[in-house]
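Note sheet for the following structure.
Every number in this text was worked out from the coordinates using simple rules, so none of it is lab data. No experiment lies behind these values; they were computed from the predicted model shown. So basically every Cβ, Gly included, is an ideal-geometry build from the backbone, and we count neighbours across all protein chains shown.
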Amino acid sequence: MVVYNLYIFNRNGQCLFYREWLRRRPGTMTQEEEFKLMNGFMHSIKSFVQRLSPQDLKDGFVSFKTNCYKLNYYETATGLKFVLNTDNNVGNIRDILHQLYSTIFVNYIVKNPSCSATDIINTEQEIFIEKLDEFISNLSIFAQTNKA
Amino acid sequence: MACCVAVLIKENLIYLRRSTEELKFLFLIHASIDILDDKVNQLTKPGGDRDTKDFYLGLLYPVEEYKIYGYVSPTRVKFILIFEHSTSSSLKDSDIKLLFQRLHQAYIDCVSNPFYEPNTQLKSKRFEQVVTSLMVQQDSMTSSMTLSTPTVAINTTTT
Amino acid sequence: MSRTNVKQNLDARRVTQELFTLTYGAFVAQILNDYEHVDEVNKQLDKIGYNIGVRLIDDFLARNPNVGRCHDLRETADVLAKQGFKTYLGISPSITNWSPAGDEFSLLLDGNPLTEFVELPEGQGQKLSYNQMICGAIRGALEMVQLEVECRFVQDQLKGDNATELRVKFLKKLEDALPVGED
């Protein structure tokens, strides 16, 4: 199983953080455009999914699959959005995304007085990036990322 | 019944309460400072056999009508209690020590108030309450204490 | 597994209540020294609380993954009193005095670790809202979950009242995509 990349958006739709572990094909647009599109897309698919639903949704939109990758989505009550792209063999990783939020984001961004949970995370937040890398690379779903 | 309660830091009186507005209490307190200092020095000097946890200094000196007792905190805050001879004859050392400990605890709570500036006059209402209880309810306190002593004794023998 | 590890770590780093109480006390006393008006001090405490609240809510959600969006204010009040206050201040206030419309309620604080040794200074100091930080924190935390509330103390034991009562009033529900107002 493989982990491709991660986006974190705040409630205003700003991309706070982006990191990729494996991405062979470069994007066809600028990064800024990609963030905007991704956020808009998430916003639309969320409301679309809700409207289509035959009964009350508990978690709402969770993930979608294509023929070569799976997009996993997790949103906190505070409006933070986590988007993690993996390969198709990955099951439901809601718990993992919650863990990423509660042990990495909250501990190293929210509790860090020198940065705000609503501002873009710059590259000086080395400890956050380091812990994030450690967290992702220890996941069982990461196992084949480097071999892929 | 205690008829005078005083708290001092070095030579400064930061709290004084007396049953009557008599000047003599001030003299008595003043006179006892030296004795207090002396006792502290003697007990804390190297080779002294002072148990560092015990801040009670006992009877400082008796005068005609009064008995003066002293207690010093590890931070060298001095507490003085003055009793009338007639009422204090029944008091045991351990009772007085207990009174001092209550006073000391009240002082600690008082300096923990963020709005109290250290080394200034104590004006806390809560502290006043404790002092009032020391000055008034003392008789009932000692009687309750003597009542409780046997239970303590039983406890020690069973364990 | 890593989640329980984090929990244990947090517990091991607990500080004593006295240190916390004295820290907050020293802090309030210092701002009272620095500002001339007590009203301004209350405002600053509220602002500081707000800044704590907007961060604390994320920590709260991280610790309580089962807490989702609340359906009504009663649920919010419940979570706030039974989980929020319990986690961060170690007390569970009782919820009372619902307004007929159900948009306003009171929290009765029984025992407040912040005020253990406190006696308000005379004069101007009597107007100090010593616990105002709690109000700010509630406001900040709820704002992050799209609830705009107003929060104030209507009774305070420090001022000689019989109880410490905190009033929370629901103002409006914030829309998702709207930009957040600066503090």
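Structure summary
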item	result
For A:N112, net neighbour charge (Lys/Arg +1, Asp/Glu -1) across residues whose Cβ lies under 15 Å away	-3
Candidate lysines - alpha carbon under 23 Å from B:K92, same-chain residues fewer than 8 apart omitted	B:K39, B:K53, B:K67, B:K78
Candidates A:K131, A:K36, A:K111, ranked by Gaussian network fluctuation over chain A, Cα under 10 Å, top entry	A:K111
Taking all pairs of distinct alpha-carbon atoms in region B:4-141, Kirkwood radius in angstrom	15.5 Å
20 Å binning of all Cα-Cα separations within the protein assembly as shown, expressed as whole percents from 0 upward	18, 37, 26, 15, 3, 0
Over 23 Å between alpha carbons, listed pairs A:K46/C:K47; A:K65/A:K111; A:K46/A:K81; A:K111/C:K127; A:K58/A:K81; A:K36/A:K81	A:K46/C:K47; A:K65/A:K111; A:K111/C:K127
Whole-Å semi-axes of region C:1-153's equivalent ellipsoid (Cα gyration tensor)	27, 21, 14
Summed residue charge, Cβ within 12 Å of B:V130's Cβ, Lys/Arg positive, Asp/Glu negative	+2
Contact order relative to length of chain C, as percent, for alpha carbon pairs under 8 angstrom and 6 or more apart	25 percent
Residues C:R63, B:R76, A:R25, sorted so that the one with the fewest Cβ neighbours within 10 Å comes first	A:R25, B:R76, C:R63
Residue order, fewest to most surrounding Cβ atoms within 10 angstrom, among A:I136, B:I108	B:I108, A:I136
Kirkwood hydrodynamic radius (C-alpha pairs) into Stokes-Einstein, region A:1-90, 25 °C and 0.890 mPa s, D in µm²/s	176 µm²/s
Which of C:E175, C:E18 has the fewest Cβ neighbours within 10 Å, and the rest in rising order	C:E175, C:E18
C-alpha center-to-center spacing [region A:51-72, region C:59-125] in angstrom	36 Å
Descending Cα extents along the principal axes, region C:86-183, whole Å	46, 31, 27
